[in-house]
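Comments concern the structure below.
The values are calculated or read from the model by the stated rules, or taken from the named source; none is laboratory data. Nothing here was measured: the structure is a model prediction, and the numbers come from that model. Cβ coordinates were reconstructed from backbone atoms using ideal geometry, including for glycine residues, and neighbour counts include every protein chain displayed. The protein model used for the area step is the full one, side chains on, heavy atoms only, and it has no ligands, DNA or RNA in it. Shrake-Rupley method; radii C 1.70, N 1.55, O 1.52, S 1.80 Å.
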Amino acid sequence: MLNITKKKLLTINSCYLDSYQRLFSCSKLLSGYSYKIKSTPKLTDNKRYETLSTPVHHHHHPYQIRSNINNKLTNTLYRQFRPNDTKLMILKDEFDPLSLQNNNNNNIINVSNELKSVKRLEKNDLLRLINDFYRHDDIKKLATDHGLDLYLFKNVYVSFRKFLIQSTILPVDFQTVLNDIISGASHITDMFPYFLQHAQQMFPHLTCMEDLKKISDLRNPANWYPDARALQRKIIFHAGPTNSGKTYHALQRFINSESGIYCGPLKLLASEVFYKTNAAGTKCDLVTGEERRFGDSEGKSANHIACTIEMTNLNTVYDVAVIDEIQMIRDPQRGWAWTRALLGLQAKEIHLCGEISTRELIEELMITTDDEFEFREYKRLTKLNYLDGAVETFDNVKPGDCFVCFNKNDIFHVSRELERRGHEVAVIYGSLPPGTKLLQAQRFNDPNDLCKVMVATDAIGMGLNLSIKRVIFYSLAKPQLNEQGEKEKNNVTTSQALQIAGRAGRFASAFPDGEVTTFRHDDSPVLKDIIHRQVETIKRAGLHPTAEQIEMFAYYLPKHSLSSLLDTFIQLSQLDNNLYFMCNIENMKFLADIIEHVPLSIRVRYIFSCAPINKNMNFVCTMFLKYVRQFNLNEPITFDWLSKHIDWPFKTPNTIIDLVHLEQVFDCFDLYLWLSTRFSEIFPDKELVQSIQAELDRIIHSGVQNIAKLAQQTDHLEDTKDTVVKNSNLSSVS
């Protein structure tokens, strides 16, 4: 970092300038030296961050370099940056940031001679000095100014104190400073440069804190999109409940424009817009994370695109853009994608569709972008009645009923009870393939089909058109993720209850008017209380670190894992907390830790870690790791390779366990297709995988058709296992 030449010239890297300037001011040994600033290498030099090869770090939640941050978060930073304890003890002259090169030149100070003249430090004096240092307010302020909050300050102090007490020889300059402080010739703050150097060896990011803070400054994200800021955009907010026609009016403007883009939260919604737009005579392409489909039979790109929100193209200028379900801008995991689309889309008109609770936030964001804002409110087109009585028994089920459950066990239980009473049941839940969901919806909607009852999760809240007469909440307790990514089980929120209840009754359907009730009597007054509450105003929009920002962090911290870089970025990030929050990235960190041992460039590692998979699906995570290892070997992942790992050809599921496994295999295909759009040479068999996936979709659908039988068979197997275990125990006893 610092070299002394024969001309008494010090060369200092620029990011260390502040620290060394303080050392120059207090060091007698350097009074005869001058210095020059050495610029750091440019970011175009990829050698420093091409790979990350440090061991996997396990972290919890981020902390921020501010004095008022809680200890739990700060402790994370201490753990993730802490080297081995033996390395924290900086001995002899290695501790001195101004260590001199020994040579015979007369201009260089004879350190050994000066050391003999330095007064020996008494241990009691040293202990009193270091304790005074820790308690001194000026020292705490200096520590805070240099990125050490109270918790980090304490940890560095413990190590620094241990170093002073255990060292038999201190650097001569530092020992001189200590003697001067004890004698009253210097101030206790003169110790701080040495303390800071010790802290920087414990926590390397402190050496370039200012640069890292600039990179992670997220206080004005509107300025990240200069091309969008150069346009005079008009934002039109269509607000209203389910079945109010708000999305219809926005899509009419989209279909009739010269060029446009629709951005939705689900593949089902994007696919629906894709088909509707092409059916209306306007060529439209479909773009999701897994595929691109052309509206033109010859494969020519259309002027209109229907895409999932994460795939929004910010580089093309459109006449009209539609951002659907804008209230998801507050989503703890995906909210950043709505923020990015809203701030960055280059469109003359941007139509937002969603809940009125988002209006205030959108208006405030539009002040930062200087865009024109127009608000249009819609009322529900048909009646929706909340019934006084609960259903209470499955014998009271009628055609057009839809049971809403919030876990799979309830789905299986309700389905079995209904089929025992002679009802054919359609089943929809989140982990089912899109094709299976559509086929189940078609069965339920078809007046000529015997299936007249549905059992579903809140997956019906968006993305499917259903002819539901009565929504029945089987329960009101719903597991939910908070902003920290922690699962909590609470009653559904008012917003969620209204979204689900609103699926009852649909304009121009067999059941235009809808009804809403509960299954249990005790839940009925609770539901009414929930839906009569004021919908909570959405106050903040989500943000997320970009690949470019993490690459720049990797340049400054080349030895850190991606998970550690993400933590550090969030800890140092500065946000306008009145408008924005940082989205939870625990799933991304989990995937990054899985593949940390595989040598990859930081950009490729970031892309893999963004893969849309559920970390709770063990089989999918295992396949994810296998994909990454093959990628690292630069070996194409063909379907022949894939078929050996997924037990192909597939068999019809006999139990719920079989069905769940096939759903995970489907997700492995989705992951393959997602990666094929980013690394086409390594994942070359896209079309073949799509065709096999369609076959698997049909097999899963056949299993869902018989889901009650599968559940019964699963219970039978469990009972058989219990009997075998009991018999074996009896045999061992006898």
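Per the Cα gyration tensor, the stretch 123-202 maps to an equivalent ellipsoid with semi-axes of 19, 14, 11 Å, ordered largest to smallest. Counting only protein chain heavy atoms and rolling a 1.4 Å probe, the accessible areas of Asp576, Asp227, Asp285 rank, largest first, as Asp227, Asp576, Asp285. If you average the alpha carbon positions of the stretch 642-672 and of the stretch 576-636, how far apart do those two centres end up, in angstrom? Between the Cα centres of the stretch 642-672 and the stretch 576-636 lies a distance of 21 Å. Between the listed residues Ala477, Ser524, Val455, the Cα displaced farthest toward the positive end of the dipole of the stretch 384-532, a dipole computed from Cβ unit charges relative to the Cα centre, is found at Val455.
About its Cα centre, how strong a charge dipole does the stretch 542-725 have in debye, to the nearest 20, once Lys and Arg get +1 and Asp and Glu get -1 at the Cβ?
Here the size comes out at about 340 debye.
When the Cα positions of Asn407, Asn385, Val397 are compared along the charge dipole of the stretch 362-465, Val397 comes out farthest toward the positive end, with charges on each C-beta of Lys, Arg, Asp and Glu.
Projecting the Cα atoms of Thr242, Ala321, Val287 onto the dipole axis of the stretch 233-377, where Lys and Arg carry +1 and Asp and Glu carry -1 at the beta carbon, places Val287 farthest toward the positive end.
Put a plus charge on the Cβ of each Lys and Arg, a minus charge on the Cβ of each Asp and Glu, and nothing anywhere else: the dipole of the stretch 541-636 about its Cα centre is then about 280 debye.
The stretch 468-618 gives an Rg/Rh value of 1.13, both radii derived from C-alpha positions and Rh following Kirkwood. Each of Leu498, Leu365 has its accessible area taken with a 1.4 Å probe; listed largest first, they run Leu498, Leu365. Computed 3J(HN,Hα) for the stretch 520-532, one whole-Hz value per residue from the Karplus formula 6.51 cos²θ - 1.76 cosθ + 1.60 where θ = phi - 60°, is 8, 4, 5, 7, 4, x, 5, 4, 4, 5, 5, 6, 8, glycine and proline marked x.
Could you report the stretch 542-725's accessible area per residue, 1.4 Å probe, as an integer in Å²?
41
Using a ≥ b ≥ c from the Cα gyration tensor of the stretch 582-632 (square roots of the eigenvalues), is it rounded, prolate or oblate, where a/c under 1.5 gives rounded and otherwise the larger of a/b and b/c decides, a/b for prolate? Note, shape of the stretch 582-632 comes out oblate.
Charge dipole of the stretch 233-377 (Cα centre as origin; +1 on each Lys and Arg Cβ, -1 on each Asp and Glu Cβ, all else neutral): 300 debye, rounded to the nearest 20. For the stretch 334-433, the extents of the C-alpha atoms along the principal axes are 60, 32, 19 Å, listed from largest to smallest. Net charge within 12 Å of His521 by Cβ-Cβ distance, Lys/Arg positive one each and Asp/Glu negative one each, not counting His521 itself? Net charge around His521: -3. With all protein chains kept in place, the per residue accessible area of the stretch 384-532 amounts to 42 square angstrom at a probe of 1.4 angstrom.
For the stretch 176-188, the Karplus equation 6.51 cos²θ - 1.76 cosθ + 1.60, evaluated at θ = phi - 60°, returns couplings of 5, 4, 4, 4, 5, 5, 5, 7, x, 7, 10, 9, 4 Hz by residue, with Gly and Pro reported as x. Please give me the summed charge of the neighbours of His544: other residues whose Cβ is under 10 Å from its Cβ, Lys and Arg +1, Asp and Glu -1. Charge balance near His544 sits at +2. Between the stretch 687-714 and the stretch 145-183, the alpha-carbon centres lie 66 Å apart. State log₁₀ I(q)/I(0) for the stretch 195-321 at q = 0.20, 0.21 Å⁻¹ as given by the Debye formula over alpha-carbon point scatterers of equal weight, solvent excluded. These q points yield log10 I(q)/I(0) values of -1.18, -1.25. Counting only protein chain heavy atoms and rolling a 1.4 Å probe, the accessible areas of Met191, Met617 rank, largest first, as Met617, Met191. Electrostatic bookkeeping for Cys451 treats Lys and Arg as +1 and Asp and Glu as -1; over the other residues with beta carbon under 10 Å from its beta carbon, the sum is -1. Entry note, the stretch 618-695: relative contact order of 39 percent, from Cα contacts under 8 Å with a spacing of 6+ residues.
For the stretch 375-521, with all protein chains in place and a probe radius of 1.4 Å, 48% of the accessible heavy-atom surface sits on carbon or sulfur.
Using a Förster distance of 30 Å, how high is the FRET efficiency between Leu121 and Lys154, based on the Cβ-Cβ distance and rounded to 0.05? The pair Leu121/Lys154 has a calculated efficiency of 0.80.
Reported to the nearest whole Å, the Cα centre-to-centre distance from the stretch 526-562 to the stretch 244-314 is 27. Pairwise inverse Cα distances across the stretch 542-725, averaged and inverted, put the Kirkwood hydrodynamic radius at 18.8 Å. Based on a Kirkwood Rh over C-alpha pairs, give the Stokes-Einstein translational diffusion coefficient of the stretch 250-319 at 20 °C and viscosity 1.002 mPa s in µm²/s. The estimated diffusion coefficient comes to 183 µm²/s. Between Lys644 and Gln480, full extension at 0.36 nm per residue minus the direct alpha carbon distance yields a gain of 55.4 nm. Peptides 315-323, 345-353, 139-147 ranked from most to least packed by the mean count of surrounding Cβ atoms within 10 Å: 345-353, 315-323, 139-147.
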